[in-house]
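Okay, so here's the structure we're looking at.
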Amino acid sequence: MTIPGPTRARNDSERFVDCQRAVEDRMLELLGDAQVAGWTKEEVLAAMIEVAENTNLAMHPNALLSVETELRKLMKKKDV
């Protein structure tokens with residue numbers, strides 16, 4: 001299944017909604033495939049969210065560095 005490309009300019013307020021609609025069918029297909037494999041709907045949806053968040057962090061190295069820095073600070077406080 002092909003995901004349709006954008007038809008609106010980047011600054012158009014409806015572009016994000018179009019993107020959601022464009023990926024929705026593929027996500028529902030993935031959800032169905034995972035359920036057929038034995039995963040629950042809740043497990044799959046939670047996994048999709050986690051993967052999306054982790055991918056977003058990985059694509060923004062400054063954010064990841066900030067998270068790592070905060071974790072180091074917390075770990076040092078724990079050791080004290």
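Things worth noting here:
- Members of the range 28-51 found to be surrounded by 11 or more Cβ atoms within 10 Å (Cβ to Cβ), within 23 Å of MET1 (Cα to Cα) and among the aliphatic types (A, V, I, L, M), listed by number: LEU30, LEU31, ALA34, VAL44, LEU45, ALA47, MET48
- When the range 1-59 is filtered for residues that are under 14 Å from the mean Cα position of the chain (by Cα), among the small types (Gly, Ala, Ser) and modelled with pLDDT of 95 or more, the ones remaining, listed by number, are ALA46, ALA47.
The values are calculated or read from the model by the stated rules, or taken from the named source; none is laboratory data. Just so it is clear, the model here is predicted, and its values are computed rather than measured. Ideal geometry is used to build each Cβ from the backbone, glycine not excepted, and the neighbour counts take in all protein chains shown.
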